[in-house]
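Rule-based calculations on the coordinates, nothing more; no lab input. The shown structure was predicted, so the numbers you read here are calculated from the model rather than taken from an experiment. Cβ coordinates were reconstructed from backbone atoms using ideal geometry, including for glycine residues, and neighbour counts include every protein chain displayed.
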Amino acid sequence: MRHVTEDEIRLLREYGSIEPGEYDCEWTINGKQVRGHVELRAGRPPLGYARIELIDGAIPGKRGQYARRYPTSRDVPVVRGYIDSQMKHVTFFDVWLTAEFTERTRVAGAIALVSKEELADDIVFTAMTTQVTQIERFSGLPPIASNVRSSGGAPREFGITTTEMKCEWPGAEMSATFYYGYRSSIDPFILSVLFTPWIKFTASVAMDARAWLRQWCLPLVELISVATGARERATLVSLETTGDGKITASVFSNPVSQEPYYCARRSPDILAFTASDEDFSLVQALTRWNELHRAEHPLIVGYNTIALGNDQHPQARLLLLLQWLEASYGFDHRTEFDAQQEKHTAERDSLLAKLRTMREDGTLTRQEWKLAKRVPRFAQPSLSEALSSYFTLHSDLDVESKLGKTTLIREVTAAGEAENVTDALRVVRNGLSHGTATYAAHLLLQVVDELHPLVRAEYLRLLGGSFDADSLM
């Protein structure tokens, strides 16, 4: 586990959280209070152990004989614990209890909430505050607004922080506010200032922790990862209730790294995400993400930064990119293809009827009739159609020209297997998919590097945004 610095520990505590680690605690499970420990792990699901056998694993046997079955498991919605050393309550949701052996029960949860107060089973929250790496690239606000130089002596540069400046995205059902916090330390030799970007979402209708993570936190991480081309992560997440008895709870779960993020002194000149409509907001982009995800749009559902990582073979990455583009194009043109399919079916049936007559009167041989029946039953959109459409739609990226300069595409075209870039990609894809052709990994990697920006650009277009082509690199 990564060592957390003292400054990071202070930041965690300020937001009501605690340092990831193993703590002794008292569990309350099925109305019983038992001792054990909890493991609040960075970037992994929470885990714990209770020193009791909570599940009856007895096996029926003959008189005088006794046997038990291990492991024995079952699921429960909520399990609570209290961490004495931190004076914090910990609440596990979506829990799987496993009696591993005598006096040892494993407590595995999907989400753990750490809070000062004990939480109800059905607790809901109206706000979420989170850090995501590179989130400042969506705000347009640098952490330092201006510079002041001393009038005499050695030149020193001082900054005025933008802690009073905010970027707000209002909405009827959901609103968001971006702002900077900062950490400073002074000793006789150095003044250090670190800036922490935050975004707070506030909902008109309260949601449980699972909904906040799945509908807002994880989509935000995905959106930023697509925009930057890197595998970004949520570092800290806290949830809040409203009213007089306000409750704040920190989230420990698989996607939350628990490593406070400090941004650069100045934000990059190029924003990761822009929109042609000046009133368009990050909240609207995430709302569209949820709508497309519920509709099971193949690009929104399927895109995965892990599957495109450098540890994956270029062949797998290329096939995924091409599949996402082809599926996305088909999904967006379903109505057109339905009409096209109806027309194709009618024409195919008419053709086969005529050929059947020719077969019956002996004009066609048996082998010719067998070949004639191979006329495709379905008029599916082709990869070439999808690529041509996206090359035109995102012409500012000049992807087609860049692909045409890669060694693999030039070799396929020179060999007479294809006439242009789209045709060459189709030949390469079919060869790899059917196992009839192989290509060197470094040649495939060149194609992946040029094609990936096109997929990312289309992903952001679906959410109502775009960005400067240079920010893709």
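Less than 13 Å Cβ to Cβ from GLY36, Lys/Arg counted +1 and Asp/Glu -1: what total charge do the surrounding residues give?
Once positives and negatives cancel, what remains is -2.
Using the structure shown, select from LYS343/LYS370; LYS166/LYS402; LYS166/LYS246; LYS116/LYS200 the pairs with a Cα to Cα distance greater than 28 angstrom.
Working: LYS343/LYS370 23 Å; LYS166/LYS402 40 Å; LYS166/LYS246 23 Å; LYS116/LYS200 21 Å.
Over 28 Å apart, Cα to Cα: LYS166/LYS402.
Any chance you could get the radius of gyration and Dmax over the Cα atoms of segment 369-443, in Å?
Over segment 369-443's Cα set, Rg and Dmax evaluate to 14.8, 49 Å.
Gain in length, THR438 to GLU100, computed as 0.36 nm per residue apart minus the alpha-carbon separation, to one decimal in nm?
Residue separation times 0.36 nm, minus the Cα-Cα distance, leaves 116.9 nm.
Collect residues whose amide H, placed 1.01 Å from N in the peptide plane, falls under 5 Å from the amide H of ASP208; neighbours closer than 5 in sequence don't count.
Under 5 Å from the amide H of ASP208: PHE125.
Taking 0.36 nm per residue of sequence separation and subtracting the Cα-Cα distance, how much length would be gained by fully extending the chain between GLU117 and THR363, in nm to one decimal?
79.9 nm
Note down the nm distance, to one decimal, between modelled labels 7 Å out along Cα→Cβ at SER388 and at GLU168.
Going by the 7 Å Cα→Cβ label model, 5.0 nm.
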